[in-house]
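The values are calculated or read from the model by the stated rules, or taken from the named source; none is laboratory data. On a predicted model such as this, the values are computed, not experimentally measured, just so you know. Using ideal geometry, Cβ is built from the backbone for each residue, glycine included, and neighbour counts are taken over all protein chains shown. Note: accessible area is taken over every heavy atom of the protein model, side chains too, but ligands, DNA and RNA are not part of it. Shrake-Rupley method; radii C 1.70, N 1.55, O 1.52, S 1.80 Å.
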Amino acid sequence: MATTIAGVEKEKLVGKRLRRREDPRLITGTATYVDDIHLEDMQYAAIVRSPHAAARILSIEIAAAQNSPGVIAVFTGKDTEKVGGVPCGASLPGLRVPHHNVLAVGRVYFVGHPVAVVVAKDRYMAQDAADLVEVNYEPLPAVADPEKALAPGAAPVHPEWPDNVAFTFHQDGGDVDKAFAEADVVVKQRITSQRLIPMAMETRGVVAEWHGADRQLNLYTSTQIPHLVRTLVATMLGLDENRVRVITPEVGGGFGSKLNVYAEEALMGWIAQKIQKPVKWIETRRENFLCTIHGRGHVDYYELAAKRDGTILGIKLKIIQDVGAYHQLLTPAIPTLSVLMMPGIYKTQNIRADIVGAFTNCMPTDAYRGAGRPEATHGIERMVDILADELQIDPAEIRLKNFVANDQFPFHTATGLMYDSGNYAAPLKKALDLVDYGKLRQEQADARKQGKWIGIGISTYGEICAIGPSPATPAGGWESATVKIEPSGKVTIMTGACPHGQGEETTFAQIAADELGISVDDVLVVRGDTSIVQYGIGTFGSRGTAIGGTAVYFALQDLKEKIKKFGAVLLESDDVTFSGGNVVCNKTGQSKSLPEVAASAYRAMKLPPNTEPGLVSTRFWEPPNFTFPFGTHIVVSEIDGQTGEVKIRRYVAVDDCGNRINPLIIDGQVHGGIAQGIGQALWEQAVYDDNGQLLSGELTDYAVPRAHMMPWIESEHTTTPSPVNPLGVKGVGEAGTIGCSPAVVNSVVDALSPLGVRHIDMPLTPEKIWHILSKGA
Amino acid sequence: MKITCTINGKTYSNDVETRLLLIHYLREVAQLTGSHVGCETSLCGACTVEVNGKAVKSCTMFAVQADGAKITTIEGLASNGTLHPLQEAFWNEHGLQCGFCTPGMIMASKQILERYPNPTEDEIRHGLAGNVCRCTGYQHIVNALKAAAAGARK
Ligand code: FES
Ligand code: FES
């Protein structure tokens, strides 16, 4: 693709596998993460946390800590009682929201609950002193399992709500009773999506700095949502929002775990005011496991009604959501996303969903990569396989039969969504071709005869991305961009999104370079400082490019118009075109370059009619709809009959994320997403014992995928542009995770199907599989 | 206790507490913040540096144990503005996303290529087993090592 203007060929950059522009600082060790910030006279905070899941605090002795070397202050919940509660941003009718103090007052509700904070000259001294804080607890009965929490007689997490119900939610679509009455077959299954630990490589961290004379707080924090943190922390601390500056330096991964407002962010802001010195708190890995949100935590009861030919008539779903002890920012909203996504990409119009959110004495759950959609996709994709098994229909065929057809878009789902565009059979067919499905089934049959356990798993997923239209989100679902063309013609983009690995410093530059006909090297993308960037929402829900990129696009269109006007003045012509980086007079062929035009726009010797000087545009783009990427993942797995270990022999992913701006970055997103999906499918689980102690609370016990555990991923794509935004993009940050886990589990269930196995809950640890094999054999 | 060591060719002499971890010495005393702390318990590899020619997780060593040592950190890898071939390869192959694991990954990769100039995929993957990356799924990191090895053979 190329455009020819004034004899200059400009190659399109959108669609190119450009290496990233953010990388030089990252590969040379010169990037600045929160822990790399050093301020004059900065103090260190260490937090004393509850070792009990439920206990009354009888007393806290702080004298020894206060007298410890280097300590300048020790605070407990009594001191911070006036700080506003940790916010829950989501609302549901009848939602029960416990007040969430930044430091516990009177009672603790989960292991890791902050009880006191010690501030000292360096991090070693702070930790030494924290160990000297004596807290006397009266342990209380705890409950750590959501189903047990809802059973009669369970220990109440919050005494004011003895039934432990945090919320309920009901949704009906179509006529589900009729669908079930007319069904030839109904299949049922209890399916869990276990609690997971997001485990970003950079733990959370905060540096707070107070300028008393100006009543100005600077808060450096590792977050995905700097502006929302600013608004909410200002409220918690009773400060003017415009005098709180949130700076998000480099962020070492988030995956939803930093799409939040945490007690420590407000606490450090409060401490900085108290001690009149900057203060730093860096979460330890142990704290990260205990006190940064967890993901998933579902127990789902599915019923699927179908005709004998495999046509799905209706779906019933009851979700029990493990809430944890509190609501963090979006906790109650997450399972409602599962409900929206429950029909998958199938055309059934009859659904019924019920959610019960259960308080437990555990860390709250919230958004973790996919946030509600992996659970739903896992459920429906498992259920379709179970139905296929029941009816003895091939899993690929039953999917093809039930897909929303190409001529049904835009498609209104029973859950109230409107799928934007799709061609669901295309990635399935492509993936089947890639694995040579017919031959593969034959090889499987042969291998079985030799006593091998080979399985083929298919997952055809859809997802809700580009979250999302404002009415559907708790805090606004638009995104903002300011594009400034400087007097020299160089371009600065300030995005309200907050990329932290997704590569928008590159993809946004690609968009701008194409629109303006310039080089990516002339474009700088700035994000993550609320005193520089206009209000923004942030990076999560696969929204960065689809919404943030679109805001950039529209700001660029404004500027292109203005460039033409200034160019017309310079060329003394009313018939000009802007293309290839030049304004060209269509009559004379004379042209002015972007730097010349930009200089004239700021010099302002002669203004076009009704035009202000300068070349700056700010746009807040409100998307009219979500986008709906989709795809097919196929896994071929082999089980070691001796050990129960699952080995993935092939992983084929065909993803459709709409138009592709930088395929290299897309591949990276897909790989990383799949790694987290395989992690959930095979190894990862946040395990709390009955007393609410986190047993898998360290990297030794919590099995994140390492290089030698990952298969080679064969990644392919189809392209179905989204009509929702002019870029035609859909988003890809979560696709890998959402598509992955059912493909893996379906393959293992398929491998074990000769034993009559129909379902296994994740993670598919060797132990679990070994038990199944030993029982079956 | 007083220690003296060479970091990236520069001599450092400091009085340090005996319990100070090498990673904290590098980051806070020498102010070389390129090496990161991902766990402090020797499980993630983010703090990997080279001590006397060997890749070491610098959170498992005390600063006093590095007395007299020659240390290379990520900041010392490029020379005169020219990136090390591994840095170049990580960049070209998109071997990083958030970049937090990257300095440790690159330092560990350096040792892998010294041991296996022509590594198989398996050797690369097992060589990287001590380094966690939560972003990339490792595939592009594997590609980066292959590319760097191929470049070195040319
Ligand atoms: S910080 Fe040293 S291995 Fe994790
Ligand atoms: S690039 Fe983020 S942890 Fe590796």
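When the residues of the range A:468-498 are narrowed to those that are open to solvent by 10 Å² or more (accessible area, probe 1.4 Å) and in contact with a Gly (Cβ under 7 Å, 6 or more places away or on another chain), which ends up nearest to residue A:247 (Cα to Cα)? For the range A:468-498, the residue satisfying everything is A:475.
Taken together, the residues in the range B:49-70 that are more than 13 Å from residue B:14 (Cα to Cα) and either outside the structural domain of residue B:31 (by TED's automatic domain parsing) or more than 16 Å from ligand 1 (Cβ to nearest atom) (or both) amount to 4.
Here residue A:751 clears all of (1) of a type in the set (Gly, Ala, Ser); (2) surrounded by fewer than 24 Cβ atoms within 10 Å (Cβ to Cβ); (3) over 30 Å from residue B:146 (Cα atoms) except the condition numbered (2). Does residue A:771 fit the bill of being over 16 Å from residue A:374 (Cβ atoms), open to solvent by 20 Å² or more (accessible area, probe 1.4 Å) and in contact with a strand residue (DSSP E or B) (Cβ under 6 Å, 6 or more places away or on another chain)? Here the answer is no, as residue A:771 does not meet what is asked. Considering every residue within the range A:342-349, establish whether at least one is more than 24 Å from residue A:296 (Cα to Cα), crowded, with 24+ Cβ neighbours inside 10 Å, assigned by TED's automatic domain parsing to the domain that holds residue A:750 and in contact (Cβ under 8 Å) with a residue 12 or more places away in the chain. Checked the range A:342-349: at least one residue is more than 24 Å from residue A:296 (Cα to Cα), crowded, with 24+ Cβ neighbours inside 10 Å, assigned by TED's automatic domain parsing to the domain that holds residue A:750 and in contact (Cβ under 8 Å) with a residue 12 or more places away in the chain.
Within the range B:118-137, residues that are touching a residue at least 40 places away in the same chain (Cβ under 8 Å) have Cβ atoms under 7 Å from residues that are within 16 Å of ligand 1 (Cβ to nearest atom) and basic (Lys, Arg) in these pairs: B:132/A:706, counting only partners at least 6 apart in sequence or on another chain. If you scan the range A:705-714, which residues turn out to be surrounded by 21 or more Cβ atoms within 10 Å (Cβ to Cβ) and either in the same structural domain as residue A:508 (by TED's automatic domain parsing) or in contact (Cβ under 8 Å) with a residue 12 or more places away in the chain (or both)? Result: A:705, A:710, A:713. Among the residues of the range A:506-532, those that are free of Cβ contacts under 8 Å to residues at least 60 places away in the same chain and part of a loop (DSSP other than H, G, I, E, B) comprise A:519, A:532. Counting only residues that are under 21 Å from residue A:18 (Cα atoms) and either within 15 Å of ligand 2 (Cβ to nearest atom) or polar (S, T, N, Q) (or both), the range B:76-85 holds 1 of them.
Of the numbered criteria (1) surrounded by fewer than 19 Cβ atoms within 10 Å (Cβ to Cβ); (2) away from chain A (no Cβ under 11 Å), the one residue B:19 fails is (2).
Given the residues A:385, A:389, A:420, which is the only one that is in contact with a helix residue (DSSP H, G or I) (Cβ under 6 Å, 6 or more places away or on another chain) and either touching a residue at least 24 places away in the same chain (Cβ under 8 Å) or buried (at least 23 other Cβ atoms within 10 Å of the Cβ) (or both)? Please lay out each step first, then the result.
Details: A:389 fails: in contact with a helix residue (DSSP H, G or I) (Cβ under 6 Å, 6 or more places away or on another chain); A:420 fails: in contact with a helix residue (DSSP H, G or I) (Cβ under 6 Å, 6 or more places away or on another chain).
Sole residue among the options that is in contact with a helix residue (DSSP H, G or I) (Cβ under 6 Å, 6 or more places away or on another chain) and either touching a residue at least 24 places away in the same chain (Cβ under 8 Å) or buried (at least 23 other Cβ atoms within 10 Å of the Cβ) (or both): A:385.
Any chance the range A:93-114 includes a residue that's more than 14 Å from chain B (Cβ to nearest Cβ), surrounded by fewer than 16 Cβ atoms within 10 Å (Cβ to Cβ) and among the polar types (S, T, N, Q)? Before you say what the answer is, go through the steps one by one.
Of the residues in the range A:93-114, the ones more than 14 Å from chain B (Cβ to nearest Cβ) are A:93-114.
Now drop any that are not surrounded by fewer than 16 Cβ atoms within 10 Å (Cβ to Cβ), which leaves A:93-94, A:99, A:105-106.
Okay, now just the ones that are also among the polar types (S, T, N, Q), so none.
No.
Entry remark, the range B:74-105: residues being within 16 Å of ligand 1 (Cβ to nearest atom), among the aliphatic types (A, V, I, L, M) and at the interface with chain A (Cβ under 7 Å from one of its Cβ atoms) number 1 in total. Consider the range B:22-40 and keep the residues that are open to solvent by less than 10 Å² (accessible area, probe 1.4 Å) and within 16 Å of ligand 2 (Cβ to nearest atom). The one that is farthest from the chain's Cα centre (by Cα) is B:38. Listed by position, the helices (runs of 4 or more DSSP H) enclosed by the range A:205-304 that each have at least 3 residues that are more than 14 Å from every other protein chain (Cβ to nearest Cβ) are A:226-237, A:263-275.
When A:166, A:151, A:213 are screened for being away from ligand 2 (no atom under 16 Å from the Cβ), open to solvent by less than 20 Å² (accessible area, probe 1.4 Å) and not charged (D, E, K, R), only A:166 passes.
Within the range B:41-58, being part of a loop (DSSP other than H, G, I, E, B), within 11 Å of another protein chain (Cβ to nearest Cβ) and away from ligand 2 (no atom under 16 Å from the Cβ) holds for B:41, B:42.
A count restricted to the range A:677-723 and to residues that are more than 30 Å from residue A:410 (Cβ to Cβ) and in a helix (DSSP H, G or I) stands at 9. For the range A:680-704, residues that are touching a strand residue (DSSP E or B) at 6+ places or on another chain (Cβ under 8 Å) and buried (at least 16 other Cβ atoms within 10 Å of the Cβ) total 7. Scanning the range B:107-154 for residues that are in a helix (DSSP H, G or I) and away from ligand 1 (no atom under 16 Å from the Cβ) yields a count of 26.
Among the residues of the range A:729-739, are any in a loop (DSSP other than H, G, I, E, B), touching a residue at least 12 places away in the same chain (Cβ under 8 Å), of a type outside the set (A, V, I, L, M) and within 14 Å of another protein chain (Cβ to nearest Cβ)? Checked against the condition, which is being in a loop (DSSP other than H, G, I, E, B), touching a residue at least 12 places away in the same chain (Cβ under 8 Å), of a type outside the set (A, V, I, L, M) and within 14 Å of another protein chain (Cβ to nearest Cβ), the range A:729-739 yields at least one hit.
Taking the range A:675-718 as the search range and keeping residues that are of a type in the set (S, T, N, Q) and touching a helix residue (DSSP H, G or I) at 6+ places or on another chain (Cβ under 9 Å), which one is farthest from the other protein chains (Cβ to nearest Cβ)? Lay out the reasoning, then the answer.
From the range A:675-718, those of a type in the set (S, T, N, Q) are A:676, A:680, A:685, A:691, A:693, A:696, A:700, A:715, A:718; that's our starting set.
Now restrict to residues that are touching a helix residue (DSSP H, G or I) at 6+ places or on another chain (Cβ under 9 Å): A:676, A:680, A:696, A:715, A:718.
Numbers: A:676: 8, A:680: 13, A:696: 13, A:715: 9, A:718: 21 Å.
For the range A:675-718, the residue satisfying everything is A:718.
Picking from residues in the range A:244-298 that are open to solvent by 10 Å² or more (accessible area, probe 1.4 Å) and aromatic (Phe, Trp, Tyr), the one that is farthest from the chain's Cα centre (by Cα) is A:270. If you check B:89, B:144, B:152, B:148, which single one turns out to be surrounded by 21 or more Cβ atoms within 10 Å (Cβ to Cβ), more than 16 Å from ligand 2 (Cβ to nearest atom), in contact (Cβ under 8 Å) with a residue 24 or more places away in the chain and not aromatic (Phe, Trp, Tyr)? B:148 is the lone residue from the list that is surrounded by 21 or more Cβ atoms within 10 Å (Cβ to Cβ), more than 16 Å from ligand 2 (Cβ to nearest atom), in contact (Cβ under 8 Å) with a residue 24 or more places away in the chain and not aromatic (Phe, Trp, Tyr). Filtering A:588, A:618, A:643 for residues that are under 30 Å from residue A:378 (Cα atoms), open to solvent by 10 Å² or more (accessible area, probe 1.4 Å), more than 14 Å from chain B (Cβ to nearest Cβ) and among the hydroxyl-bearing types (Ser, Thr, Tyr) leaves a single hit, A:643.
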